[in-house]
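What follows is calculated from the coordinates using simple rules that are stated; it is not laboratory data. Computed from a predicted structure; not experimentally measured. Neighbour counts are summed over all protein chains in view; Cβ atoms, including those assigned to glycine, are modelled from backbone coordinates with ideal geometry.
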Amino acid sequence: METFLVLNGAEIDAPVDEQERLMLDLAAGWINRSDLTNWLSLHVKPPE
């Protein structure tokens, strides 16, 4: 996901620890697609 964002000029604006926790929670099924989408909308900086 991060590679896709970088290739399109965007980047995640969150500490690495927070990003890792998000991915682990997603893999464990503790968050769903809607939660991921909401998190991304708050933490992805659009291309400039």
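Between residue 36 and residue 3, the simple label model (points 7 Å from Cα in the Cβ direction) yields a spacing of 1.6 nm. The angle separating the long axis of helix 33-43 from the principal Cα axis of greatest extent in the chain is about 40 degrees.
Using just the helices of the chain, give the 222 nm mean residue ellipticity in deg cm²/dmol: DSSP H runs with n ≥ 4 each add -39,500 (n - 2.57), and the total is spread over all residues, rounded to 500. Numbers along the way, then the final one.
Values: 3 runs with 30 residues, N = 48.
Here the helix-only value at 222 nm equals -18500 deg cm²/dmol.
Taking every Cα-Cα distance in the chain and sorting them into 10 Å bins from zero, the calculated P(r) comes out as 26, 56, 17, 1 percent. Principal-axis analysis of the Cα atoms of the chain puts helix 16-28 at an angle of about 50° to the longest axis.
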